[in-house]
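Below is one structure, written out as structure tokens; comments come after it.
Please treat every number below as a calculation from the coordinates, not as lab data. The model shown is predicted, which means the values in this text are computed figures rather than measured ones. As a convention, Cβ positions derive from the backbone with ideal geometry for all residues, glycine included, and neighbour counts pool all protein chains shown.
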Amino acid sequence: MALGQLDVRPRLVAIQVGDNPASRIYLRNKVRACDEVGVDSEVHHLEAGCSQAALLAMLESLNRNARVHGILLQLPLPEALDAGWILQAIAPEKDVDGLTWASLGALIAGHPVFEPCTPRGVIMLLEREGIVMDGRDAVVVGRSVIVGKPMALMLMARGATVTICHSRTRDLAKHTRGADILVAATGRAGLITGDMVKPGAAVIDVGINRLPDGKLAGDVDFTAVSAVAGCITPVPGGVGPMTIAMVIANTVLAAERSVPARKA
Ligand code: GUN
């Protein structure tokens with residue numbers, strides 16, 4: 001039965017610690033998108049100097065609140081807080097960001113519970129564009145826990161042969177030139193140039209970099225690479241909105257799973 005008929009409104013709670021301006025914009029966009037599709041959302045703020053205990057207490061209280069289906073701890077956290085450990089306090093059934101070790105472990109084991117939102121958005125872009133992953137060569141540039149590593153696993157699960165490159169890779173172009181699917185997630189503006197891309201490749205730009213003139217740019221030199229690639233995502237307006245859509249999709253999934261199964 002649909003959530004509406006059961007009188008269940010999916011609810012996402014995001015936590016921002018401190019006042020990182022980029023995080024503030026991301027969260028504002030998430031709240032706006034939730035409003036548009038009828039998902040309840042709220043942002044809880046803690047001061048940058050808050051204690052780990054205060055943050056853990058907030059997470060515990062949200063875990064216990066049956067009206068909250070999804071919990072998102074906006075990253076990065078202030079340096080004094082250990083994000084890797086604190087994320088583990090989110091109840092796995094509310095981990096709509098897919099970043100707890102429980103969610104990542106399930107992904108590695110091939111039984112995803114919540115897939116991390118940015119890679120999930122990339123996969124959906126590829127699927128909707130009709131790009132075959134099975135048997136293709138994919139290169140992921142970046143090895144973060146949020147994007148690079150889960151992205152590689154998710155492409156591999158769909159049959160791609162995946163190479164992960166990163167800041168220590170010796171000859172990056174040697175790898176990227178072989179990619180049918182190239183995902184750039186490094187945080188280095190313009191890293192991927194036209195000569196590094198195979199003609200006809202699908203190029204997905206996950207980077208969001210603020211240039212000295214205040215403009216946003218991806219990791220890919222869009223003008224040069226669009227002349228070579230078969231398809232390419234822009235920044236802004238490519239992967240970013242997909243990440244938000246997938247947070248919402250995961251929140252709806254969490255709400256659906258929270259409804260006890262009815263006896264036939
Ligand atoms: N900061 C930048 N991207 C993300 C994301 O996908 N999830 C969270 N929690 N924080 C982020």
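Using a 10 Å cut-off around each Cβ, can you sort 114, 222 from fewest to most neighbouring Cβ atoms?
Fewest to most other Cβ atoms nearby, the residues stand as 222, 114.
Any chance you could list the semi-axes, whole Å, largest first, of the equivalent ellipsoid that the Cα gyration tensor gives for the range 35-114, using √(5λ)?
Each semi-axis is the square root of five times an eigenvalue, giving 21, 18, 12 Å.
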Rounded to two decimal places and with Rh computed the Kirkwood way over Cα pairs, what is Rg over Rh for the range 8-149? 0.98
Nearest-20 debye value, the range 131-233 charge dipole, Cβ charges on Lys, Arg, Asp, Glu: 300
Over the chain: helical MRE at 222 nm, DSSP H runs n ≥ 4 each giving -39500 (n - 2.57), nearest 500: -10500 deg cm²/dmol
Could you name the aspartates and glutamates whose alpha carbon sits less than 12 Å from that of residue 174, not counting residues in the same chain fewer than 8 places away? 195
HN-Hα J in Hz across the range 96-102 - Karplus 6.51, -1.76, 1.60, θ = phi - 60°, x for Gly and Pro: 6, 7, x, 10, 6, 5, 5
Looking at the range 1-80, which GluC sites (Glu not before Pro) are DSSP coil and have at most 15 other C-beta atoms within 10 Å of their C-beta? 47, 79
List the longest stretch of the chain that has no exposed loop site; here a site is one of the trypsin sites (Lys or Arg not before Pro) assigned by DSSP to anything other than H, G, I, E or B, with at most 12 other Cβ within 10 Å. 68-167
Looking at the chain, what % of its DSSP beta bridges pair antiparallel, to the nearest 5? 5
Expressed as a fraction of 2.2 N^0.38 Å, the rule-of-thumb size for a compact globular protein of N residues, what is the C-alpha radius of gyration of the chain? 1.04
What fraction, in whole percent, of alpha-carbon pairs in the range 152-239 exceed 22 Å separation? 22
